[in-house]
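Colleague: Here you go, one structure.
Just so it is clear, none of the values below were taken in a lab; they were calculated from the coordinates. Fair warning: this is a prediction, and the values are worked out from it, not measured in the lab. Cβ atoms come from the backbone with ideal geometry, glycine included; neighbour counts cover every protein chain shown.
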Amino acid sequence: MSMRTILTIGIIPEDNNQDQIMIGDPTMSGTAETDFEIVDDVLTGIDTEFRCDARGMDWFDVSSPIFTNLANAVTAALGKPLDSVLLAHAWALFQWELEVDVPELVMVCEENDGGEFENPNQQHNGCFYIRHVVEEDDQIVGEQAVVVHS
């Protein structure tokens, strides 16, 4: 059985006029995105040259180089800094391991939402979003997304 996790990290521009954001369709949504995959604890950019071998690293330590390196790659790809601690908290939330309240993270997609969420009155403009997808043998078995208000 092969497993892989896909992270799509995007940004909704300040001047976006869309009421619906479709993660994975930045052209239709007026957003910018970058994608990463995790296989056997190696984090790789799908559309960038990024690679981070995270074997033996703590995925639940907010100061882990995993999140600093990933945040730096997102910043380089999308042109806006992403807070590595908020990224680490989002990861913990996706793993059902978040032990603190993080009001900056707003869950916008659950298992059956297909990576789409509402942006009424453009309330999420200027924010990052992070989608976490788990695939098992090329079938999606889990999907969630948060908007990062920071």
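Colleague: Residue under question is Thr75, and the condition is that it be closer than 26 Å to Asn17 by Cα, without any contact (Cβ under 8 Å) to a residue 24 or more places away in the chain, among the β-branched types (Val, Ile, Thr) and surrounded by 12 or more Cβ atoms within 10 Å (Cβ to Cβ); does it hold? Don't jump to the end; show me each part of the working.
Modeller: Values: closer than 26 Å to Asn17 by Cα: yes; without any contact (Cβ under 8 Å) to a residue 24 or more places away in the chain: yes; among the β-branched types (Val, Ile, Thr): yes; surrounded by 12 or more Cβ atoms within 10 Å (Cβ to Cβ): yes.
The answer is yes for Thr75.
Colleague: Considering only the range 5-54, how many residues are surrounded by 13 or more Cβ atoms within 10 Å (Cβ to Cβ), outside any loop (DSSP other than H, G, I, E, B) and among the polar types (S, T, N, Q)?
Modeller: Result for the range 5-54: 5.
Colleague: OK, next. Which members of the range 55-67 meet the condition of being surrounded by 14 or more Cβ atoms within 10 Å (Cβ to Cβ) and among the small types (Gly, Ala, Ser)?
Modeller: Ser64
Colleague: Okay, next question. For residues in the range 78-92 being under 14 Å from Ile12 (Cα atoms) and not charged (D, E, K, R), which is surrounded by the fewest Cβ atoms within 10 Å (Cβ to Cβ)? Let's see the steps before the verdict.
Modeller: The first filter runs over the range 78-92 and keeps only residues under 14 Å from Ile12 (Cα atoms), leaving 78-82.
Imposing the further condition that a residue be not charged (D, E, K, R) reduces the set to 78-79, 81-82.
Details: Leu78: 17, Gly79: 9, Pro81: 12, Leu82: 22.
So, considering only residues that are under 14 Å from Ile12 (Cα atoms) and not charged (D, E, K, R), the one surrounded by the fewest Cβ atoms within 10 Å (Cβ to Cβ) is Gly79.
Colleague: Suppose the filter is surrounded by fewer than 17 Cβ atoms within 10 Å (Cβ to Cβ) and in contact with a Gly (Cβ under 9 Å, 6 or more places away or on another chain); does Val141 pass it? If you could, list the steps in order and put the result at the bottom.
Modeller: Details: surrounded by fewer than 17 Cβ atoms within 10 Å (Cβ to Cβ): yes; in contact with a Gly (Cβ under 9 Å, 6 or more places away or on another chain): no.
For Val141, the condition - surrounded by fewer than 17 Cβ atoms within 10 Å (Cβ to Cβ) and in contact with a Gly (Cβ under 9 Å, 6 or more places away or on another chain) - is not met.
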